[in-house]
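Worksheet for the structure shown next.
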Amino acid sequence: MFREKMIERLPRLKILVVGDFLLDEFALSDISRVSREAPVLILKYLQSEYRPGGAANTVANVASLGAQAVALGCVGDDEAARQLTQAWPAGVDASRVFREAGLTTTRKARILAGSFQSFRQQVVRIDYEHTFQPDERQEAKLLRSLQELVPDCDAVILSDYSLGNLSQQVRRAAIQLARRHGRPITVDSRDDPFGYPGATTVTPNISELESVLRKRLDHDDQRLVEVGQQCLQEHQLESLLVTRGRLGLSLIEPENAVHIPVYGSDEVADVTGAGDTVIATYTTALAAGARFGEAARLANCAGGIVVTKRGTATVTAEELQAAE
């Protein structure tokens with residue numbers, strides 16, 4: 001019943017995504033032969049496909065669900081930025097994606113190889129990663145945009161790939177504004193999931209959580225809940241949503257925890273960008289009025305669906321509605 005109500009509300013929702021926008025490139029090739037120069041494959045290049053990556057993939061997932069996505073962040077004034085914005089679905093508000101001449105947009109190139117008889121598989125990834133520190137002018141534009149956008153949005157997502165858009169000043173302003181206006185604000189941070197005190201929910205994967213805590217949690221559900229609830233208290237969070245691969249999701253609240261088994265089969269085609277799908281679905285569900293548990297179950301379904309697709313992909317409201 002909630003899914004039906006949520007899907008009805010989606011076109012009326014506006015979700016602000018603040019973060020690091022990057023371009024995912026998939027270079028498709030056929031295996032030609034083994035090189036005489038070294039024990040490596042020679043690949044015959046066929047074509048490249050371009051898809052929005054990082055926070056840009058979160059934007060694409062929000063739009064794919066049917067809500068209005070508003071993007072905020074700085075990118076380079078370059079071809080990669082043009083390609084990623086062109087890859088967004090129609091209706092994405094990209095007016096606050098600032099193209100800065102002094103920046104270079106990060107690009108992740110994945111080389112996929114196969115043959116006529118087989119699926120192409122990823123053989124190597126090359127990251128053209130460009131980090132930056134926002135200067136006074138750039139940070140002022142981001143802060144001014146937050147002041148203007150947050151009151152008119154139903155939820156805020158902070159998508160932090162450690163490239164520079166989410167400075168301490170921007171983090172604090174986003175959380176304070178969201179709290180002041182009663183908007184849920186969620187965080188997906190590659191390297192600093194607990195650098196956002198006061199957020200509604202942070203969504204680390206289990207490896208990121210273990211890395212920042214310097215603790216092995218393995219399959220110990222009880223230990224995960226104990227550590228998670230301690231983190232909630234220390235960082236003034238309302239909930240913690242931990243993605244655990246084939247073990248599904250764990251939602252941890254101050255007085256409650258639920259472990260949600262992975263949705264669907266174990267036929268995983270590609271996990272690229274699955275975390276972006278999870279936080280987009282989870283946050284959009286919260287904006288539609290879901291409780292944490294309802295939003296987590298819906299996000300788990302979305303994650304289970306998207307990993308069956310190849311490359312950086314999205315999930316639609318219709319697919320969620322049809323999920324059993």
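Ordered by the count of other Cβ atoms within 10 Å of each Cβ, fewest first, L163, L143 give L143, L163. Between Q176 and K309, the simple spin-label model (points 7 angstrom out along Cα→Cβ) gives 3.8 nm. Note on L247 and L41: the extension gain reaches 70.7 nm, defined as 0.36 nm multiplied by sequence separation minus the Cα-Cα distance.
Distance from the alpha carbon centroid of region 61-80 to that of region 1-33 works out to 10 angstrom.
Counting only DSSP beta bridges whose two residues both lie in region 109-218, roughly 40 percent are antiparallel.
What list of whole percents do you get for P(r) of the chain, with Cα-Cα distances grouped in 10 Å bins up to the one holding the largest distance? Using 10 Å bins, I get a P(r) of 6, 27, 34, 23, 8, 2, 0 for the chain.
Stretching the chain fully between E79 and I126 yields a gain of 15.2 nm (0.36 nm per residue, less the alpha carbon separation). Rounded to the nearest 0.05, the FRET efficiency derived from the C-beta distance between E136 and A109 at R0 = 41 Å is 0.80. Of all lysines in the structure, the ones whose alpha carbon falls short of 27 Å from that of K14, not counting any fewer than 8 places away in one chain, are K5, K141, K309. Full extension of the chain segment joining V212 with Q169 gains 13.3 nm, where the gain is 0.36 nm per residue of separation less the Cα-Cα distance.
Every number in this text was worked out from the coordinates using simple rules, so none of it is lab data. Since this is a predicted model, take the numbers as computed values, not measurements. Cβ coordinates were reconstructed from backbone atoms using ideal geometry, including for glycine residues, and neighbour counts include every protein chain displayed.
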